[in-house]
Amino acid sequence: MKVPAESGEAKLVAVEPAEWDLLLYGAGLRHREHLCQAHPAGQSRMRSSTLGKSPQFARGDQILAVPAMVRMQSELICKIIGNLSNRANVVIGLDLCRRAAAPRGAGKEGAHAG
Amino acid sequence: MKKNTIVSAPRTLQKAQTGIRGLDEITGGGLPAGRPTLLSGGSGCGKTLLAMEFLVRGATEFGEPGVFVAFEETTAELTQNVASLGFDLQALIARKKLVLDYVFVDRAEYQETGEYDLEGLFIRLGYAIDAIQAKRVVLDTIEVLFSALPNQALVRAELLRLFRWLKEKGVTVIMTGERGESTLTRFGLEEYVSDCVISLDHRVVDQVTTRRIRVVKYRGTTHGTNEYPFLIEKDGISIWPVTSVQIEHTASRERILTGIERLDTMLGGKGYYRGSSILVSGTAGTGKTSVAATFADAACRRGERCLYFSFEESSSEIMRNMNSIGFDLPKWVKRGRLQFHTVRPFTYGLEMHLARTIKFITEFSPEVVIIDTISALDTTGNALEIKAAIMRLMDFLKQRGITVMLTDLTIGSALERTDAAISSLVDTWLALRDLESNGERNRCLHLLKSRGMASSNQVREFVITDYGIHFADVYIGPGGMLTGSARVQQEGRERAERVGLNEEAERQQLALECKRAALEAQIAGLRAEFSSEEAIITRTASMDKQREASLALDEAAMGRSRKGDAVKNNGLRIRPILTGGKSS
């Protein structure tokens, strides 16, 4: 498992509030600890779904690629795909953290759906 | 519900009928069953509609439920869009004949956090297929995945896996693809995994658009390779291929009347052959439409059906104009025997005109078709294309035994000009012509050709009256051919001459009578003279006899008085004595 290289380049700042509902589709929960490390202050309620047993969820949450993780807040807010090995992308993709503002110029916002 | 969805052909590919009019014909029975087909084309050329019709027909006509995976339109939009074709998707969904699945893929949504695959799509699709036991799947448009997911190599590999998986499931798949610059699809993948590739096209030529369809490839089967125009109308998509190149139709011996009595006579007394083609050519205003309308009216009178295509006049104009020469066409329209289709030639391309013509003919199934005029199609293509199109149309009509009358506008004085291309195709050719003389134009009809019958070689003058078309013999004499008022004048002169001759004869007769009367009178006079003379002579003679007798009496008396002896009267008179006696 690769440790993300960019952690030295930009500091990640946790986004408030630090409580999330996360739903993991597809693969097992091997990378949960990465999530916790990335945002140690946060509390997460994480459920997992093996799509094979409940395929209707794939339709509801528009899941194509797996593994995929969605962050819920009454409705779907963010979605990431992949095996969560890129830890920085996980927390940014789920809008759990943002990159700290760079000293010069505008900081790069974490990609997320509005 | 028909069950024969898969046309079984031994040792060859099994095919899934589309139910789309004409598509099964050009694909030789349908799409490859259980395999993927690519529907490629630019935007707005009808890919989604065709794919949807494939599912709807499958569900309603062939008992094959279908799944529509939409990557670009939401289910609500789709439902609305195809409602215009008369497809009620909600009802099909309720009956578990159809699943619409809108797959929303937005690149902005995806933060890649490591390796992944598209198992989610497989699961969704598998779930939908299993839910209704689908046999048909549409993926519209799968290339969205390429632009949504950053890892193209992965998408490619996953799609290949998807198609293998779909083949294993045994579903017939249509995927749509946007045409690339020089390839059938933008990413050049779909055409390789597909067993059948159909290209749709929406081309503008001379500001006229035509939708066309072509089977680009079809593994393991023969198929029509041409481009065929297709229509999207309120009852769905229809393709009208005129694929026949054989001349195999059986020729009818039945004859049908032309509606013009003397024209029937010119055509051996019986009119045209049923199922033959008749060309009526002529310059403007020579009465082509009148001949055509007469024929239409005659067909309707026989109780047949006639389809009238007009490229120049509206149906109400034709009906009004023909009413002025005594035809009540609205009556036939009302009774459903006559149908007009009027459209400007430049509205469609040539192929589209042909396709529409064939569609209307198939729907109305008339016995007689009139196309007025084919020269209006000149704007839609070059002479060769038009000839080919007309030839295909005529083959189509002949196969069905439909009699067709084409009118053709010739320009200028050259009688046989435009028709060089078409005249060889037609069976009967009537040429209408203006003859200008004595400051007037008169219509003439030549029967230039009439296959398979004894026909008149004479020119007829063609007179349009309040009661239809009538033919008059043209006057052919030492002064050449006379028509119109010159003919009337000539006829008058001849009549007058005939009258003159009669009068002369009468006069001579009368003179003879007079002569005879005079002669008889003369004879009577002579006879009267003679008889009076005769009377005089007779009377004189009798007076002489009396005198003689009285003389004899006197002599006797004198003799008695002189006591003379009796003189024997032997009939001889001795006149000197008498005379002497008397004179003494």
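The values are calculated or read from the model by the stated rules, or taken from the named source; none is laboratory data. Remember, it's a predicted structure, so these values are computed and weren't measured experimentally. FYI the Cβ positions are ideal-geometry reconstructions off the backbone, even for glycines, and counts take in every protein chain you see. With ligands, DNA and RNA removed, areas are computed over all heavy atoms of the protein, side chains included. Shrake-Rupley method; radii C 1.70, N 1.55, O 1.52, S 1.80 Å.
Got the relative contact order for the stretch B:283-360 handy, in percent, Cα pairs under 8 Å and 6 or more residues apart? Kindly include the intermediate steps, with their values, before the conclusion.
Numbers: 62 pairs, mean separation 25.7, N = 78.
Worked out over the stretch B:283-360, it gives 33 percent.
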Nonlocal amide H pairs with B:VAL103, under 5 Å, H built at 1.01 Å: B:ALA70, B:PHE71
Cα-based reach from B:LYS387 at 13 Å (exclusive), listing aspartates and glutamates while leaving out same-chain residues under 8 positions away: B:GLU351, B:ASP378, B:ASP395, B:ASP408, B:ASP419
Karplus-derived 3J(HN,Hα), 6.51/-1.76/1.60, for each residue of the stretch B:149-154, Hz, glycine and proline x: 9, x, 8, 5, 4, 5
Portion, in percent, of the accessible area of the stretch B:51-124 that falls on carbon or sulfur, probe 1.4 Å: 47 percent
Cα-Cα over 26 Å, subset of A:LYS79/B:LYS169; A:LYS11/A:LYS79; B:LYS47/B:LYS234: A:LYS79/B:LYS169
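Multiply the residue separation of B:ILE411 and B:GLU317 by 0.36 nm, subtract the distance between their alpha-carbon atoms, and state the gained length in nm to one decimal.
On the way: separation 94, 0.36 × 94 = 33.84 nm, distance 2.28 nm.
Gain in length upon complete extension: 31.6 nm.
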Relative contact order of chain B, defined on C-alpha pairs under 8 angstrom at six or more residues apart (%): 12 percent
Helix axis angle, B:119-132 relative to chain B longest principal axis, alpha carbon, degrees: 50 degrees
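Kindly provide the trypsin sites (Lys or Arg not before Pro) of the stretch B:79-109 that DSSP labels as loop, not H, G, I, E or B, and whose Cβ sees at most 13 other Cβ atoms within 10 Å.
Sites meeting the loop and neighbour criteria: B:ARG95, B:LYS96.
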Vicinal HN-Hα couplings computed from phi for the stretch B:447-453 (Karplus, 6.51 cos²θ - 1.76 cosθ + 1.60; Hz; Gly/Pro x): 9, 6, 7, 7, 5, x, 7
Rounded tilt (10° steps) of B:47-61 against the dominant C-alpha axis of chain B: 80 degrees
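What FRET efficiency comes out for B:GLN14 versus B:ARG164 if R0 is 22 angstrom and r is the Cβ-Cβ distance? Round to the nearest 0.05.
Once the sixth-power term is evaluated, E becomes 0.75.
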Within chain B, longest stretch clear of exposed chymotrypsin sites (Phe, Trp or Tyr not before Pro) (DSSP loop, no more than 16 other Cβ within 10 Å): B:105-466
19 Å cut-off, amide nitrogen to a point 7 angstrom out along B:ILE325 Cα→Cβ, residues in the stretch B:256-276: B:257-267, B:271-272
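Please label the shape of the stretch B:73-125 as rounded, prolate or oblate, based on the square roots a ≥ b ≥ c of the eigenvalues of the alpha-carbon gyration tensor (a/c under 1.5 means rounded; beyond that, a/b larger than b/c means prolate, else oblate). Show your work: numbers first, answer last.
Details: a/c = 5.12, a/b = 2.13, b/c = 2.40.
The shape class here is oblate.
Say R0 is 41 Å: what FRET efficiency, to the nearest 0.05, do A:ALA100 and B:ASN81 get from their beta-carbon distance?
0.30
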Overall form of the protein assembly as shown per C-alpha gyration tensor (a/c, 1.5; a/b vs b/c): prolate
Zone of B:ARG516's modelled label, taken as backbone nitrogen in the stretch B:462-504 under 18 Å from a point 7 Å along Cα→Cβ: B:504
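Calculate how many DSSP beta bridges within chain B are antiparallel, expressed in % of all such bridges and rounded to the nearest 5. List each step's numbers first, then the result.
Working: 44 of 93 bridges.
Here the share of antiparallel DSSP bridges comes out near 45 percent.
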Residues whose placed amide H lies under 5 Å from that of A:VAL66, excluding near-sequence neighbours: B:ASP117, B:LEU118, B:GLU119, B:GLY120
Mean separation of Cα contacts under 8 Å, 6 or more apart, over the residue count of the stretch B:149-287: relative contact order %: 10 percent
Restricting the stretch B:315-405 to trypsin sites (Lys or Arg not before Pro) in coil, as DSSP defines it, with at most 12 other Cβ within 10 Å: B:ARG335
Point-charge dipole on Cβ atoms (K/R +1, D/E -1) for chain B, about Cα centre, debye to 20: 2960 debye
Where labels lie 7 Å past Cα in the beta-carbon direction, separation of B:VAL499 and B:ARG400 in nm: 5.7 nm
Two-site label geometry, B:ARG301 and B:GLU227: point separation in nm, points 7 Å out along Cα→Cβ: 4.6 nm
0 to 90° range, to nearest 10: angle between helix B:484-562 axis and chain B longest Cα axis: 10 degrees
Pair B:GLN152, B:ALA284: separation of 7 Å Cα→Cβ label points (nm): 5.9 nm
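Chains B and A: buried accessible surface, both sides, probe 1.4 Å, rounded to 100 Å²? Show your work: numbers first, answer last.
Numbers: alone 30340 and 7310 Å², together 35440 Å².
Rounded to the nearest hundred, the buried surface is 2200 Å².
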Modelled FRET efficiency - R0 22 Å, B:ARG253 with B:LEU425, Cβ distances, 0.05 increments: 0.60
Per residue accessible area in Å² of chain B, where ligands, DNA and RNA are left out and the probe is 1.4 Å: 50 Å²
Prolate/oblate/rounded call for the stretch B:92-212, Cα gyration tensor, a/c under 1.5 rounded: oblate
